[in-house]
Every structure is written in structure tokens, then in C-alpha cells.
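*Asks:* Sharing a structure below in C-alpha cells format, with a few things to ask.
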Amino acid sequence: RGTLCPKGAGVLGFINARTRVKHPMHRKPGSDKFEQVSWDFAMERIAKLMKEDRDANFVVKNKDGVTVNRWPTVGFLQGCATSNETTWASYKLIRGLGILAVDNQARI
């Protein structure tokens, strides 16, 4: 009927908000403020920290020797403004990484 559902209507406010963060921000250890950084810096830092944590905490087998391939120290939260296709692809990636804690606010 030409109207948006509450989720779709809410997304417009989020996208157009004056307070919306549009660039990656980084707070250095010990600092009390965030600084704008490049996308390359942000992606490399995230990848490095994820790799370090996964290497340190990945569980290949459980106590019974069964292969489980789990990464129990990380969770993933996905917003409700994604499509079913994006949700499906994200879910496959997350499970492929071994992440157990998944909170998906969209329908699969």
C-alpha cells in the first residue's frame, strides 16, 4: 500500500541521524577520546585482533575427542535492517568461523 513497515521506517531515521558515525573510530589504550582512522587501519586492526583471539581460543575437539571447530570467545550481533539473503550469508560466514554466540535480529 505504499507504506514502510516499522523496521523500514526506523532505518530512515538511523541513516539520516546527525549523530550517525560515518567513519571508523579508534580509541587508543589509556585515551579518553575516539579518533577518526582510515578504513584500512580499522579493517587491519580488526582482522589482527580476531586472528590473535581465534588462534588463542579455537577449540578443535571437545573433551571426548569429537571434532567441534568452535571459537567460543567471540559473539556476533546482526541488526534487523538486513535482507534475508544478507542474513543467510552472514550466518554461513559466522558458523564457518566457528562462532557459537549469534544473535540475529532479522528473519532467516
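The values are calculated or read from the model by the stated rules, or taken from the named source; none is laboratory data. Model, not experiment: these values are computed from the prediction. Neighbour counts run over all protein chains shown; Cβ positions are idealised from the backbone, glycine included. Just the protein is used for accessible areas: all its heavy atoms, side chains included, with ligands, DNA and RNA removed. Shrake-Rupley method; radii C 1.70, N 1.55, O 1.52, S 1.80 Å.
*Asks:* Report the gain in length on full extension from Lys28 to Asn69: 0.36 nm times residue separation, minus Cα-Cα distance, nm rounded to one decimal. Please report the intermediate quantities before stating the final value.
*Replies:* Details: separation 41, 0.36 × 41 = 14.76 nm, distance 3.23 nm.
Gain on stretching Lys28 to Asn69: 11.5 nm.
*Asks:* Would you mind getting me the FRET efficiency between Arg18 and Ile46? Use the beta-carbon distance for r and R0 = 22 Å, nearest 0.05.
*Replies:* Details: r = 26 Å, r/R0 = 1.19.
For Arg18 and Ile46, the calculated efficiency is 0.25.
*Asks:* Considering only protein heavy atoms, what per residue accessible area in square angstrom results for the stretch 1-85 with a 1.4 angstrom probe? Mind dumping the intermediate values first?
*Replies:* Numbers: 7280 Å² over 85 residues.
I get 86 Å² per residue for this part.
*Asks:* Viscosity 0.692 mPa s, temperature 37 °C: what is the translational diffusion coefficient of the stretch 1-82 from Stokes-Einstein with a Kirkwood Rh over Cα pairs, rounded to a whole number of µm²/s?
*Replies:* 194 µm²/s
*Asks:* Another question, then. Quick one: with all protein chains in place, what share of the accessible area of the chain is carbon or sulfur, to the nearest percent (1.4 Å probe)? Please report the intermediate quantities before stating the final value.
*Replies:* Details: 5040 of 8830 Å².
That fraction is 57 percent.
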